[in-house]
Amino acid sequence: MEDMTQRAKGLAFVFDKDRLVLLVDGPLLRLPLVGELSLPRQGRWFGTHQRLDCFVSELPKGFPLPLSAQLLGLRQLFGQIDDSLYVLAGRAVQILTWDLGHRFCSACATPLVDKQREVAKICPACSVISYPRLSPAVIMTVERGHEILLGRSPRFPRGMYSTLAGFVEPGETLEQAVRREVKEEVGVLLEEVRYFGSQPWPFPHSLMVGFNAEYAGGEIVPDPTEIEDARWFSRDALPKLPSRISIARKLIDNFLARTRPD
């Protein structure tokens, strides 16, 4: 009976800005059920998880939470809940960002209404449909034998270096974007560019597409508007690296696995 009740209520992904509301349940953290927090609105439906409907909403300003509630940002949340729910939380915050930022029709300024059982909004006046925004970006290793080129953004924590990355521009292929970004950010040319994998990146609405690229030539000349420092690192003398939740770290770990001495 309890399982049927939970399925009827669904899961509530409730955000206070970029932090997700979770409830302490013994030694574990869990998502609240719809209605469990007594919010004034159910929120926007955005899919299902194990036959449970999932809803996302914004925590009203000043709304009281139970003592068992905790607020965690997505980076802090990694490893705290099941991986499938972590992925859903990333989707949920992107849907919420889009929902809050798309309240009026871009063609005629009429207030939009939700489409039933679809993550979209429609204009009742001119029928324009609005879907969640997604910004594709490329991220890449640049490799020279057993060395990898890593850069440092001024926004990074002290001492941390990572792979290069940038947004895809209109009219480009992903591979063209890789070559352009590397040339613009560090002045280096590339030979082969190979697809690695992809990762949704909800900060706030990106899709990161990863590549491995071979160095072709050129001296490192960092673009001072984006890159504080860039250099070649050997696999045995790496700097502080990004978190394991990121595709940047997966790219670096893959490089290390492929260049491991026999």
ask   = Taking amide hydrogens as modeled 1.01 Å from N in the peptide plane, which residues meet the under 5 Å criterion relative to residue 231, leaving out close sequence neighbours?
value = 150
remark   = For the chain, the per residue accessible area (1.4 Å probe, Å²) is 55
inquiry  = Rounded to the nearest 5, what % of DSSP beta bridges with both residues in segment 120-210 are antiparallel?
reply    = 75
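I need the shape label for segment 65-118. Rule: rounded when a/c is under 1.5, else prolate if a/b > b/c, else oblate, with a, b, c from the alpha carbon gyration tensor.
It is prolate, given that a/c is not under 1.5 and a/b is the larger ratio.
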query = Which value, in Å² and to the nearest 10, is the accessible area of residue 229 when all protein chains are kept and the probe is 1.4 Å?
reply = 40
task = Heavy atoms only, probe 1.4 angstrom, no DNA, RNA or ligands counted: give me 161, 131 ranked by accessible area, highest first.
result = 131, 161
task = For segment 33-96, just say rounded, prolate or oblate: build the C-alpha gyration tensor, square-root its eigenvalues into a ≥ b ≥ c, call rounded for a/c under 1.5, and beyond that prolate if a/b exceeds b/c, oblate if not.
result = oblate
key: Top positive-direction residue, dipole computed over segment 1-137 with Cβ charges, set 94, 13, 50   = 94
note = Lys and Arg at +1, Asp and Glu at -1: neighbours of residue 227 with Cβ under 9 Å from its Cβ sum to -4
task = Using θ = phi - 60° and the Karplus relation 6.51 cos²θ - 1.76 cosθ + 1.60, list the HN-Hα couplings for segment 214-224 in order, rounded to whole Hz, with x at every Gly or Pro.
result = 9, 5, 10, x, x, 8, 5, 10, x, 6, x
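May I ask for the Rg/Rh ratio of segment 140-204, computed from Cα atoms with Rh as the Kirkwood radius, given to two decimals? Provide the component values of the computation, followed by the final result.
Working: Rg = 12.7 Å, Rh = 13.3 Å.
Rg divided by Rh gives 0.96.
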task = Just the number, please: carbon plus sulfur as a percent of the accessible area of the chain, 1.4 Å probe, no ligands or DNA/RNA counted.
result = 53
task = Quick one: pull the percentage of alpha-carbon pairs in the chain with a separation above 31 Å.
result = 40
ask   = Which shape class, rounded, prolate or oblate, goes with segment 1-149 when its Cα gyration tensor gives a ≥ b ≥ c as root eigenvalues, a/c under 1.5 marks rounded, and past that a/b bigger than b/c marks prolate?
value = oblate
note = With the dipole of the chain defined by +1 on each Lys or Arg Cβ and -1 on each Asp or Glu Cβ, the option from 242, 110, 193 whose Cα lies farthest towards the positive pole is 110
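Treating the beta-carbon of each Lys and Arg as +1 and of each Asp and Glu as -1, no other charges, what is the dipole magnitude of segment 209-262 about its Cα centre, to the nearest 20 debye?
Values: 8 positive and 9 negative charges, 87 e Å.
Approximately 420 debye in magnitude.
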query = Mind checking the dipole of segment 132-262: about its Cα centre, +1 per Lys or Arg Cβ, -1 per Asp or Glu Cβ, Debye to the nearest 20?
reply = 620
message = Through the Karplus equation 6.51 cos²θ - 1.76 cosθ + 1.60, θ set to phi - 60°, convert the phi angles of segment 128-140 into ³J(HN,Hα) values in whole Hz; use x for Gly and Pro.
response = 5, 9, 10, 10, x, 6, 9, 10, x, 9, 9, 9, 8
inquiry  = If you take every DSSP beta bridge fully contained in the chain, what fraction is antiparallel? Give it as a percent rounded to 5.
reply    = 75
ask   = Using Cα-only point scatterers and the Debye equation, what is log10 of I(q)/I(0) for segment 159-262 at each q in 0.13, 0.15, 0.16, 0.19 Å⁻¹, rounded to two decimals?
value = -0.50, -0.68, -0.78, -1.14
query = At 20 °C and 1.002 mPa s, what whole-number value in µm²/s does Stokes-Einstein give for the translational diffusion of segment 106-224, with Rh from the Kirkwood sum over Cα pairs?
reply = 129
Under 5 Å, built H, 5+ apart or other chain: amide partners of residue 190 = 216
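With charges set only on the Cβ (+1 for Lys and Arg, -1 for Asp and Glu), what does the dipole of segment 1-134 come to about its Cα centre, in debye to the nearest 20? Write down the numbers at each step before the final one.
Working: 16 positive and 13 negative charges, 87 e Å.
The calculated dipole for segment 1-134 is roughly 420 debye.
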query = Which value at 222 nm does the chain reach when only helices count, each DSSP H run of 4 or more adding -39,500 (n - 2.57), with the total divided by all residues and rounded to the nearest 500 deg cm²/dmol?
reply = -6500 deg cm²/dmol
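The values are calculated or read from the model by the stated rules, or taken from the named source; none is laboratory data. In this text, all values refer to a predicted model and were calculated from it rather than measured experimentally. Cβ sites come from the backbone with ideal geometry, for glycine too, and all protein chains shown count toward neighbours. We work out accessible area using only protein heavy atoms, side chains counted, and drop any ligands, DNA or RNA first. Shrake-Rupley method; radii C 1.70, N 1.55, O 1.52, S 1.80 Å.
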